[in-house]
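Shown next, in C-alpha cells, is the structure this report addresses.
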Amino acid sequence: MTVTVNGERHEVPDGLSVAALLNHIGMSGDRVAIERNLDILPRAQWQETQIQPNDIFEIVHFVGGG
C-alpha cells in the first residue's frame with residue numbers, strides 16, 4: 001500500500017501499525033511526534049493504530065539545545 005510520510009510517498013506492507021511503520025522506514029520512535037491525516041496521534045495509540053492506504057503522516061523530531 002502507499003502512504004505519504006513527510007511529503008514523500010512510500011510503499012509499505014499491509015497490516016503495519018504506526019509503530020511498525022516507523023521501524024519500516026528506519027525512524028526511531030524516540031523524541032518524535034506523529035500527525036496522521038491532520039490529527040495528532042498520541043504515542044499510546046501507535047501500537048494499536050493500523051495504517052490505511054493513502055494515509056498522510058507528518059513526523060517531527062524534537063531537538064534539544066540552548
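The values are calculated or read from the model by the stated rules, or taken from the named source; none is laboratory data. Nothing here was measured: the structure is a model prediction, and the numbers come from that model. For neighbour counting, all protein chains shown are included, and Cβ atoms are generated from backbone atoms with ideal geometry for every residue, glycine included.
Figure legend. Inter-residue proximity from segment 43-59: first residues without any contact (Cβ under 8 Å) to a residue 40 or more places away in the chain, second residues loosely packed, with under 15 Cβ neighbours inside 10 Å and among the hydroxyl-bearing types (Ser, Thr, Tyr), beta-carbon distance below 7 Å, spacing 6+ or different chains. No pairs are indicated.
Taken over segment 11-26, the criterion of being surrounded by 10 or more Cβ atoms within 10 Å (Cβ to Cβ) and farther than 22 Å from VAL63 by Cβ is satisfied by VAL12, PRO13, LEU16, SER17, ALA20, HIS24.
Scanning segment 1-42 for residues that are of a type outside the set (Lys, Arg) and either on the phi > 0 side of the Ramachandran plot or in contact (Cβ under 8 Å) with a residue 40 or more places away in the chain (or both) gives MET1, THR2, VAL3, THR4, VAL5, ASN6, GLY7, GLY15, GLY26, ASN37, LEU38.
Can you give me the number of residues within segment 41-66 that are more than 17 Å from THR4 (Cβ to Cβ) and either touching an Asp or Glu at 6+ places or on another chain (Cβ under 7 Å) or not basic (Lys, Arg) (or both)?
Qualifying residue count, segment 41-66: 12.
Selection of segment 8-26 for residues being in a loop (DSSP other than H, G, I, E, B) and within 12 Å of the chain's Cα centre (by Cα) yields VAL12, LEU16, ILE25, GLY26.
Restricting attention to segment 27-66, the residues that are surrounded by fewer than 13 Cβ atoms within 10 Å (Cβ to Cβ), at pLDDT 95 or above, among the hydrophobic types (A, V, I, L, M, F, W, C) and outside any strand (DSSP E or B) total 2.
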